[in-house]
Amino acid sequence: MKRPIRISLVAALVAACAISTASPRVHAVAIDDGMPDQSSLDSSPNSQSQGNWSDLAGGVTGRPYIASLSVTTNGATTQIVTNGTATTAAPTTPGAITAVISPTNLCKTGSTNNCYATPNRVGITLAYVKQAGQLGHNLSAPTATLSPAITATSVFDMTIGLNSVGKKLGWTWMNGTPTFWKTENLGQDNGTVRVKFSLSEAPGIDYQDQKAQRCTTIPVSECDADKSTQDTLGMQMVLSLDTTLSAAFAGALFATNAAVIGSLDVASGETPSLTYGIAGPHRLSDGTVRKGKFYGFLSDAVLESQFKIAATETDMTKVLSIARTTESKSTADAGTDTVAWTKWSAADNGTDGRLVTISDISFSAPKFKVTKVGASASGSAKSTSGAAVQGVSGLKFTTKARTITLTGSGVAGITYKATATLGTVTKSASCKLAGTKLTCTLKATKAGAWKVKVTPSKSGATGAAWSRSISVK
């Protein structure tokens, strides 16, 4: 039995499969995006510490594989993989589109320390053939003519055969923009995941820089890299196969734009919550401020079983609160995040449920906690006249002359109170509600990172608070 270890994706996804992809806006032509092809990962040693599929008991036949892959560009669809298996030959024609599947934290043959007999994570990277045996993942400036041709708006349709290794699927993170998600036969050798997506920006980072070395740690904790080394266009996924996730959330999907990695923590019980973490350098490689997006899909089954929210609910902002946490200086960076909910249907999107999109995210390692509105810290849910106290939604902030102004949407009949704390100093203010427009104004007495909180209440009952660390100069 192996001791618990804090898993970092650096070794596996950089050395084996080059986790970085990113954006067409920066000097992509100069980027070295070389990486090994699938046949190399299936047969060659990875590194002195990381195993490859050839080290897996039973060999490559048990690993996940691409069962189907197609791409639609300007209305024309090209089938790339049909009826794929774990032994389907990798393409060798320069410019051919492919996908590579790599193990993370798999023990090398004969090794038992800080590794697993079967990988606890599996990485999937969309790539193209540079030459026989070598691939590239920078799809914004490929060194070979892509076949088929793709653009930033191309939509890929990929089905992954989970096989015996992947049947323990927990959460899935994607660097991409998902529009379809469907899992079938989870927990069985014939389990599959089907996802439709478009490409996304993502940063490359220098793992020799100590400030960047924790940027791919799971769960996300910190990322102190100042800026990316490169920004290109592509897609990566990480399938989490460990047992840390509640069974109810098996097959959960979340995705990012402009981030290095993401993670998901779940708290079940009377007061269930989800905490999504994403990480990335503060700035793009050209020095401008990095802004990202987050997508989280919650199926109707999860909403009903874990949060007691009916599929017929029409306004998710009334029943779920999403707040950026302030767990550390790295997660608490200020931002003007905007939250939006979209209903997904099985017919159009693969699974019935809701997709939450958080836009305009600042980095380095923000975390977002999802809780049911009205849930208290003690584990019970307070209510007034049978209805939960409604939280604030769409809250944004500005700072000027050490005055913090918060604006968002509130609910008539609810009282909102704002506080700002820096060390032992706490400033309080009542918020004004005009119709549904909520405004809170706080006076900060000195420069620093103030912890700001807005709490809704009614008749002694309180709802989920919005909190954020806001930098005042």
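Being under 32 Å from the mean Cα position of the chain (by Cα) and farther than 28 Å from Met316 by Cα is the filter here, so list the residues in the stretch 401-446 that pass it.
If we filter the stretch 401-446 for residues that are under 32 Å from the mean Cα position of the chain (by Cα), which is where we start, we get 404-411, 416-423, 436-440.
If the condition is that a residue be under 32 Å from the mean Cα position of the chain (by Cα) and farther than 28 Å from Met316 by Cα, then Thr421, Leu422, Gly423 are the ones that fit.
Inside the stretch 155-177, can you point out the residues that are in a loop (DSSP other than H, G, I, E, B) and farther than 11 Å from Gly234 by Cα?
Taking the stretch 155-177 as the starting set, the residues that turn out to be in a loop (DSSP other than H, G, I, E, B) are 162, 167-170, 176.
Hits for the stretch 155-177 are Leu162, Lys167, Lys168, Leu169, Gly170.
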- [ ] Mind listing whichever residues of the stretch 216-233 are out of contact with any helix residue (DSSP H, G or I) (no Cβ under 7 Å at 6 or more places or on another chain), of a type in the set (Gly, Ala, Ser) and buried (at least 20 other Cβ atoms within 10 Å of the Cβ)?
- [x] Ser228
Open item on the list: Condition (residue is over 27 Å from Cys115 (Cα atoms), free of Cβ contacts under 8 Å to residues at least 60 places away in the same chain and either of a type in the set (Val, Ile, Thr) or not in a loop (DSSP other than H, G, I, E, B) (or both)) applied to the stretch 267-284: is it met by at least one residue?
Closed with: yes
Task: Tabulated pairs, the stretch 167-183, first closer than 22 Å to Gly62 by Cα, second acidic (Asp, Glu), C-beta under 7 angstrom, 6+ apart or interchain - done: Lys167/Asp189; Gly170/Asp242
Task: Qualifying position, being assigned by TED's automatic domain parsing to the domain that holds Asn349, under 23 Å from Gly166 (Cβ atoms) and free of Cβ contacts under 8 Å to residues at least 12 places away in the same chain, among Ala255, Ala247 - done: Ala247
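Can you tell which of Lys446, Lys427, Lys417, Lys437 is out of contact with any Lys or Arg (no Cβ under 7 Å at 6 or more places or on another chain) and buried (at least 16 other Cβ atoms within 10 Å of the Cβ)?
Numbers: Lys446 fails: buried (at least 16 other Cβ atoms within 10 Å of the Cβ); Lys427 fails: out of contact with any Lys or Arg (no Cβ under 7 Å at 6 or more places or on another chain); Lys437 fails: buried (at least 16 other Cβ atoms within 10 Å of the Cβ).
Sole residue among the options that is out of contact with any Lys or Arg (no Cβ under 7 Å at 6 or more places or on another chain) and buried (at least 16 other Cβ atoms within 10 Å of the Cβ): Lys417.
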- [ ] For the stretch 258-309, name all the residues that are touching a strand residue (DSSP E or B) at 6+ places or on another chain (Cβ under 6 Å) and either polar (S, T, N, Q) or not assigned by TED's automatic domain parsing to the domain that holds Ser228 (or both).
- [x] Ser263, Thr271, Ser273, Thr275, Ser285, Ser299
Open item on the list: Quick check on the stretch 234-249: of everything there that is at pLDDT below 90 and either buried (at least 19 other Cβ atoms within 10 Å of the Cβ) or in contact with a Lys or Arg (Cβ under 8 Å, 6 or more places away or on another chain) (or both), which residue is nearest to Leu135 (Cα to Cα)?
Closed with: Asp242
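Considering each residue of the stretch 94-118, count those that are on the phi < 0 side of the Ramachandran plot, outside any strand (DSSP E or B) and at pLDDT below 95, and give that number. Talk me through it step by step, then tell me what you get.
The first filter runs over the stretch 94-118 and keeps only residues on the phi < 0 side of the Ramachandran plot, leaving 94, 96-104, 106-109, 111-113, 115-118.
Subsequent filtering for residues that are outside any strand (DSSP E or B) retains 94, 107-109, 111-113, 115, 117-118.
Subsequent filtering for residues that are at pLDDT below 95 retains 107-109, 111-113, 115, 117-118.
Number of matching residues: 9.
Can you go through Leu135, Leu146, Leu139, Leu169 and tell me which one is assigned by TED's automatic domain parsing to the domain that holds Asp42 and under 26 Å from Tyr276 (Cα atoms)? Break it down into steps so the answer makes sense when it comes.
On the way: Leu135 fails: under 26 Å from Tyr276 (Cα atoms); Leu146 fails: under 26 Å from Tyr276 (Cα atoms); Leu139 fails: under 26 Å from Tyr276 (Cα atoms).
Going through Leu135, Leu146, Leu139, Leu169 in turn, the sole match is Leu169.
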TODO: Considering only the stretch 429-460, state which residues are in a strand (DSSP E or B), touching a Leu at 6+ places or on another chain (Cβ under 8 Å) and under 16 Å from Arg402 (Cα atoms).
DONE: Ala429, Cys440, Thr441, Leu442, Gly448, Ala449, Trp450, Lys451, Val452
- [ ] Would you be able to tell me the number of residues in the stretch 250-266 that are within 9 Å of the chain's Cα centre (by Cα), assigned to a strand (DSSP E or B) and over 15 Å from Thr371 (Cα atoms)?
- [x] 8
Open item on the list: Against the definition (in a loop (DSSP other than H, G, I, E, B) and on the phi < 0 side of the Ramachandran plot), how does Leu245 come out, yes or no?
Closed with: yes
Open item on the list: Of the conditions (1) surrounded by fewer than 18 Cβ atoms within 10 Å (Cβ to Cβ); (2) under 26 Å from the mean Cα position of the chain (by Cα), Tyr65 satisfies every one except a single condition; which number is it?
Closed with: (1)
Open item on the list: For Thr462, only one of the following conditions fails: (1) touching a residue at least 60 places away in the same chain (Cβ under 8 Å); (2) over 31 Å from the mean Cα position of the chain (by Cα). What is its number?
Closed with: (2)
Task: Every residue from the stretch 121-153 that is of a type in the set (S, T, N, Q) and within 21 Å of the chain's Cα centre (by Cα) - done: Thr125, Asn138, Thr153
Task: Top-ranked residue of the stretch 119-150 - restricted to ones that are in a loop (DSSP other than H, G, I, E, B) and of a type in the set (S, T, N, Q), ranked as surrounded by the fewest Cβ atoms within 10 Å (Cβ to Cβ) - done: Thr145
Open item on the list: I'd like to check something: does the stretch 273-294 contain any residue that is farther than 18 Å from Ser364 by Cβ and touching a helix residue (DSSP H, G or I) at 6+ places or on another chain (Cβ under 7 Å)?
Closed with: no
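The values are calculated or read from the model by the stated rules, or taken from the named source; none is laboratory data. For clarity, every value in this text was computed on a predicted model and none was experimentally measured. For neighbour counting, all protein chains shown are included, and Cβ atoms are generated from backbone atoms with ideal geometry for every residue, glycine included.
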